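See below for the structure under consideration.
The values are calculated or read from the model by the stated rules, or taken from the named source; none is laboratory data. Predicted model only: the values in this text are computed from it and were never measured. Here the Cβ positions follow ideal geometry from the backbone for every residue, glycine too, while neighbour counts run over all protein chains shown. Just the protein is used for accessible areas: all its heavy atoms, side chains included, with ligands, DNA and RNA removed. Shrake-Rupley method; radii C 1.70, N 1.55, O 1.52, S 1.80 Å.
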Amino acid sequence: GTDIPNNAAIQASTTPSTDWTTVRGVTTGETVAPTPTSAVSLSTMTVKAAALAISVSSDPPAQTVVSGAQKFVFAKYLLDGGASGEDVRLPSIPLDYSGTTATNLTTCQLYDGATALNTGSNILNPSSISSTTLITFDGVGYTVPKGTVKTLEMKCNIASGGTGVYQWGYDTTASPTITGLVSGQAVTPTENDSTGQRMTLTASGTFTVALDSSSPSYT
């Protein structure tokens, strides 16, 4: 039942001599007295609710990046199912996107390792700055196995000549819909608010050449 508290330990037991009252021989039809007369206890089962914690990693650090870069990693999201009693699934996730000119970033995708999780029509090309910028996962959604922490990377292409400061974070005012795969129950996540790391775009880079101070003088 859904009213059973999280982490409750449940153990079933039976006393065959008294609980099993209709035991008969298949051939003779004679009554059989089951043993033992003491209780037989089964394994203890712990009720573990579905759970998910969402946060933004401190990696990658704030930095300056030259405009025109492709698949630049702006943020890494940690989806922690370590305390969950079952696998959980998200059809989509709302993220916090802030920046100077929204359209300077294009083809924004979340990656699990080398696998893009939002492809085709689900690829995001931001048109506005929003704390509820939605990423819709492909197929039935993204599954976080119980007992694991998944790291998702937000990668975007940067328009040539773009400038300004851009951040991908997480705003706790817009929670995703999360469901336990076995129980079908809705999951209320533990959410950690973060504006994300500041990524500063520069239109061009520089390259400086100088004589090392240890260079010998002319003779």
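Straight-line reach from residue 146: which lysines have Cα under 22 Å away, leaving out those fewer than 8 places along the same chain?
Here the lysines satisfying the reach criterion relative to residue 146 are 48, 76.
Find the accessible area per residue for the chain; the probe is 1.4 Å, ligands and nucleic acids are left out, and the unit is Å².
Per-residue value: 56 Å².
Mind ordering 86-92, 116-122 by average Cβ neighbours within 10 Å, highest first?
Highest to lowest by the protection proxy: 86-92, 116-122.
Using alpha-carbon positions, what is the distance between the centroids of region 138-213 and region 40-83, in Å?
One Cα centre to the other: 10 Å.
Could you work out what % of the accessible surface of the chain is carbon and sulfur, using a 1.4 angstrom probe and leaving DNA, RNA and ligands out of the count?
52
Using all C-alpha to C-alpha distances in the chain, build P(r) with 5 Å bins and read off the rounded percent in each one.
1, 6, 11, 13, 12, 9, 7, 6, 5, 5, 5, 4, 4, 3, 2, 2, 1, 1, 0, 0, 0, 0, 0, 0
For residue 150, go through the aspartates and glutamates and keep the ones whose alpha-carbon is under 16 Å away, minus same-chain ones fewer than eight residues off.
List returned: 59, 80, 86, 87, 112, 191.
Starting with the highest mean, order 12-21, 207-216, 186-195 by the number of other Cβ atoms within 10 Å, averaged over the residues of each peptide.
Top to bottom by mean Cβ count within 10 Å: 186-195, 12-21, 207-216.
Please compute the length gained on full extension between residue 214 and residue 143, using 0.36 nm multiplied by the number of residues separating them and subtracting their Cα-Cα distance.
19.9 nm
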